[in-house]
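Data first, discussion second: the structure below is written as structure tokens.
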Amino acid sequence: MKLYIAGPMTGYAELNFPAFHAEARRLRALGFEIVNPAELNPDPTAQWLDCMRVDIAAMMTEKCDGVALLPGWEQSKGAPIEHNLMRDLGLRVYQAARLVGLAGEFPVLSQAALGDLEMEAA
């Protein structure tokens with residue numbers, strides 16, 4: 001499964017790249033293929049719109065199956081756009097921290113995530 005990582009960058013030290021890189025390493029170790037915007041746009045002086053153009057294009061051309069959201073994504077300028085795009089396309093949306101492993105093609109979620117899914121289904 002290929003996931004795009006989305007989260008806050010603007011206003012964070014080092015554009016929050018350390019959090020993006022750490023989560024990319026963790027998810028790759030679990031067997032996910034990862035598209036990491038901190039790797040796509042390594043120049044910290046790049047303009048926001050230029051980065052978003054690269055990121056959204058990569059989400060589509062890399063054929064991501066969904067998005068893994070970092071904490072604080074809701075307060076981000078770009079992550080809600082990425083979240084909405086993936087959701088509106090019918091792709092998967094996950095809280096990155098709740099992805100704890102793979103079972104075949106589908107991630108195994110933590111008990112908290114499973115409870116959230118049950119509440120949404122009700």
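The values are calculated or read from the model by the stated rules, or taken from the named source; none is laboratory data. All of these numbers come straight from a predicted model, not from anything done at the bench. Cβ sites come from the backbone with ideal geometry, for glycine too, and all protein chains shown count toward neighbours.
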Seminar exercise, completed: In the stretch 1-12, anything modelled with pLDDT under 95 and either among the hydrophobic types (A, V, I, L, M, F, W, C) or part of a helix (DSSP H, G or I) (or both) is listed as 1
Exercise. So, of the residues in the stretch 63-106 that are exposed (fewer than 14 other Cβ atoms within 10 Å of the Cβ), in a loop (DSSP other than H, G, I, E, B) and among the charged types (D, E, K, R), which turns out to be farthest from the chain's Cα centre (by Cα)?
Worked result: 105
Seminar exercise, completed: Residue count, the stretch 28-43, condition assigned to a loop (DSSP other than H, G, I, E, B), among the acidic types (Asp, Glu) and either touching a residue at least 24 places away in the same chain (Cβ under 8 Å) or within 20 Å of residue 83 (Cα to Cα) (or both), comes to 0
For this session: Identify, by number, the condition in (1) modelled with pLDDT of 95 or more; (2) in contact with a helix residue (DSSP H, G or I) (Cβ under 9 Å, 6 or more places away or on another chain); (3) surrounded by fewer than 18 Cβ atoms within 10 Å (Cβ to Cβ) that residue 116 doesn't meet.
Result: (1)
Exercise. Of the residues that make up the stretch 37-47, is at least one within 10 Å of residue 4 (Cα to Cα) and either surrounded by 12 or more Cβ atoms within 10 Å (Cβ to Cβ) or touching a Gly at 6+ places or on another chain (Cβ under 6 Å) (or both)?
Worked result: yes
For this session: Please work out which residue is surrounded by the most Cβ atoms within 10 Å (Cβ to Cβ), limiting yourself to the stretch 1-36 and to residues that are within 20 Å of residue 92 (Cα to Cα) and acidic (Asp, Glu).
Result: 23
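Can you tell me which residue within the stretch 44-62, out of those that are assigned to a loop (DSSP other than H, G, I, E, B) and in contact with a helix residue (DSSP H, G or I) (Cβ under 9 Å, 6 or more places away or on another chain), is nearest to residue 20 (Cα to Cα)? If you could, list the steps in order and put the result at the bottom.
Taking the stretch 44-62 as the starting set, the residues that turn out to be assigned to a loop (DSSP other than H, G, I, E, B) are 44-47, 62.
In the following step, the residues that additionally are in contact with a helix residue (DSSP H, G or I) (Cβ under 9 Å, 6 or more places away or on another chain) were identified as 44, 46.
Numbers: 44: 14, 46: 17 Å.
So, considering only residues that are assigned to a loop (DSSP other than H, G, I, E, B) and in contact with a helix residue (DSSP H, G or I) (Cβ under 9 Å, 6 or more places away or on another chain), the one nearest to residue 20 (Cα to Cα) is 44.
Quick check on the stretch 45-59: of everything there that is among the small types (Gly, Ala, Ser) and free of Cβ contacts under 8 Å to residues at least 12 places away in the same chain, which residue is farthest from residue 11 (Cα to Cα)?
Step one: filter the stretch 45-59 for residues among the small types (Gly, Ala, Ser), giving 46, 57-58.
Still in the list and also free of Cβ contacts under 8 Å to residues at least 12 places away in the same chain: 46, 57.
On the way: 46: 14, 57: 24 Å.
It comes out as 57.
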